[in-house]
Amino acid sequence: MISRTVKVGSPNGLHARPAAIFANAAGDYDDIEFRLTKGEKTVDAASLLEVMTLGAEFGDEVILSTDDDSATEALDSLATLIAENQEG
């Protein structure tokens, strides 16, 4: 398993537009399953609804992970989406 701990960079957190951008990008990797964790809750990173239910706010730390050890580049790309302001 590989993972990245990332601070949410969008002012309104992972809600609406930022969550949709992230979940769509995670879903583009058809053969790789990504998970997003905040606290004790872990969700499917490719599910917009599940990502939104995490309640990740600006500055919160989330953990993005996958069991596919060869997905380092994809993991880094998705981590960047979380860290950047997607509302601008």
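Restricting attention to the range 65-84 and to residues that are farther than 14 Å from Ser3 by Cβ and in contact (Cβ under 8 Å) with a residue 40 or more places away in the chain, the residue that is surrounded by the most Cβ atoms within 10 Å (Cβ to Cβ) turns out to be Leu81.
For Val51, the requirement of being among the β-branched types (Val, Ile, Thr), open to solvent by less than 50 Å² (accessible area, probe 1.4 Å) and over 15 Å from Ser3 (Cβ atoms) is met. Might you check whether a residue that is in contact with a strand residue (DSSP E or B) (Cβ under 7 Å, 6 or more places away or on another chain) and among the hydroxyl-bearing types (Ser, Thr, Tyr) occurs anywhere in the range 41-56? Scanning the range 41-56, I find at least one residue that is in contact with a strand residue (DSSP E or B) (Cβ under 7 Å, 6 or more places away or on another chain) and among the hydroxyl-bearing types (Ser, Thr, Tyr), so the answer is yes. The set of residues in the range 1-16 being over 13 Å from Ile82 (Cβ atoms), open to solvent by 50 Å² or more (accessible area, probe 1.4 Å) and outside any loop (DSSP other than H, G, I, E, B) consists of Ala16 alone. When the range 17-48 is filtered for residues that are over 12 Å from the mean Cα position of the chain (by Cα), modelled with pLDDT of 95 or more and exposed (fewer than 14 other Cβ atoms within 10 Å of the Cβ), the ones remaining, listed by number, are Asp28, Gly39, Glu40, Lys41. Suppose the filter is over 12 Å from the mean Cα position of the chain (by Cα), surrounded by fewer than 19 Cβ atoms within 10 Å (Cβ to Cβ) and part of a helix (DSSP H, G or I); does Glu87 pass it? So Glu87 does not fit the description; no. Scanning the range 38-64 for residues that are under 10 Å from Leu14 (Cα atoms) and without any contact (Cβ under 8 Å) to a residue 24 or more places away in the chain gives a single hit, Thr53.
The values are calculated or read from the model by the stated rules, or taken from the named source; none is laboratory data. Just so you know, these numbers come straight off a predicted model, no measurement behind them. Note that we place each Cβ from the backbone using ideal geometry, even for glycine, and neighbour counts take in every protein chain shown. Heavy atoms of the whole protein, side chains included, go into the accessibility calculation; ligands, DNA and RNA do not. Shrake-Rupley method; radii C 1.70, N 1.55, O 1.52, S 1.80 Å.
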